[in-house]
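Following: one structure in structure tokens, then a few remarks.
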Amino acid sequence: MSVSDKTAIVTGAGSQRGIGRATAHALAGAGWNVAVLDIDEASAKDAATEVAERHSVQALGVACDVTDEASVDSALGVVGSAAPPVGALVNNAGITSPIPFLQVTGDEWDRIFAVNVRGAYNVTRRVVPGMVEQGFGRVVFLSSVSAERGGGVFGGVAYSAAKAAQLGFARALAREVGPNGVTVNSVAPGLIDTEITGGRLEGERKAQLLAGVPVGRIGTVDDVADLITYLCRPQSGYITGVTYDVNGGSHIH
């Protein structure tokens, strides 16, 4: 089966140095048409233009606030009318929060869950029925090593809890839609060089973090994007309900 007549949606893929944009490129390199959804419309369109030019696939950049159902409906309406059928969804849009639990307000807690959990629900709920109908689909959640080891990198309790919720979401959904040819998996990156971590990885803090990584380096966005692309292949249909760690061995369990 070819993916050249299918579209892969990547949420939160506008950021220049983020995992999302790297994933959009990796998927396009594998032949997928790509729809970039991002709260920043200019960044979404920039990413789509870059992907289309580099890989000669159809690419679309659409403004989308994943926390808002109307915005999600509108964005996916555009994708549905302007791009081939959706065959893959990468729930990459997310926000982090380092605030210690004893200082976390209810508003901050809700903000983190709104993007990471409710946002993933809003998009997945709208996209998966079409996958079930066509008998093929690939869904990948971007969780975090923080969900598995309980924070300890940059994310606090709210972030760790939200990213752990994604793992349960993915596993349960995998059971439900497996009979319909749809796989659902999670990727849990460790320390990756992105805008989120960039400025904080200097000097002693960097040395301290690297000391705990057996492969001796910080991960790149491509390390994560390549794995996501592998999970989205038609040939990966017997892999579902799994969490893949991409952390250089910093969390071996």
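The values are calculated or read from the model by the stated rules, or taken from the named source; none is laboratory data. Quick caveat: nothing in here was measured; it's all calculated off a predicted structure. Here Cβ is always computed from backbone atoms with ideal geometry, including for glycine, and neighbour counts include all displayed protein chains.
Odds and ends about this structure:
- Candidates Asp226, Asp245, filtered to the one that is under 23 Å from Gly14 (Cα atoms), at pLDDT 95 or above and acidic (Asp, Glu): Asp226
- Residues in the stretch 230-253 that are in contact (Cβ under 8 Å) with a residue 40 or more places away in the chain, among the polar types (S, T, N, Q) and in a helix (DSSP H, G or I): Ser236 only.
- Only residues that are more than 14 Å from Val221 (Cα to Cα) and either within 12 Å of the chain's Cα centre (by Cα) or free of Cβ contacts under 8 Å to residues at least 40 places away in the same chain (or both) were counted across the stretch 13-37, and they come to 5.
- Of the residues screened, Gly150 is not one that is within 19 Å of Ser236 (Cα to Cα), surrounded by fewer than 22 Cβ atoms within 10 Å (Cβ to Cβ) and touching a helix residue (DSSP H, G or I) at 6+ places or on another chain (Cβ under 7 Å).
- Filter result (over 19 Å from Ala93 (Cβ atoms), modelled with pLDDT of 95 or more and out of contact with any strand residue (DSSP E or B) (no Cβ under 7 Å at 6 or more places or on another chain)) within the stretch 112-169: Pro129, Glu133, Gln134, Gly135, Val157
- Residues that are outside any loop (DSSP other than H, G, I, E, B), more than 16 Å from the chain's Cα centre (by Cα) and not acidic (Asp, Glu), drawn from the stretch 143-159: Arg149, Val157, Ala158
Yes or no, residue by residue, for (1) assigned to a helix (DSSP H, G or I); (2) among the aromatic types (Phe, Trp, Tyr); (3) in contact (Cβ under 8 Å) with a residue 24 or more places away in the chain; (4) in contact with a Gly (Cβ under 6 Å, 6 or more places away or on another chain):
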site	(1), (2), (3), (4)
Ala47	yes, no, yes, yes
Leu60	no, no, yes, no
Val66	no, no, yes, yes
Ala70	yes, no, no, no
Ala75	yes, no, yes, no
Ala93	no, no, yes, yes
Asp107	yes, no, no, no
Ala114	yes, no, yes, no
Asn122	yes, no, yes, no
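- Top-ranked residue of the stretch 201-226 - restricted to ones that are of a type in the set (Asp, Glu) and under 24 Å from the mean Cα position of the chain (by Cα), ranked as nearest to His253 (Cα to Cα): Asp223
- Residue match in the stretch 183-191 (condition: part of a helix (DSSP H, G or I) and either buried (at least 21 other Cβ atoms within 10 Å of the Cβ) or of a type in the set (Val, Ile, Thr) (or both)): no
- Candidate set: the stretch 15-54, residues that are over 18 Å from Asp226 (Cα atoms) and in contact with a helix residue (DSSP H, G or I) (Cβ under 6 Å, 6 or more places away or on another chain); chosen: the one surrounded by the most Cβ atoms within 10 Å (Cβ to Cβ): Leu37
- The set of residues in the stretch 77-91 that are more than 17 Å from Thr124 (Cα to Cα), out of contact with any Leu (no Cβ under 8 Å at 6 or more places or on another chain) and part of a helix (DSSP H, G or I) contains only Ser81.
- Condition check for Val140: in a helix (DSSP H, G or I) and β-branched (Val, Ile, Thr): no
- Among the residues making up the stretch 17-40, those that are among the charged types (D, E, K, R) and under 19 Å from Asn116 (Cβ atoms) are Arg21, Asp38, Asp40.
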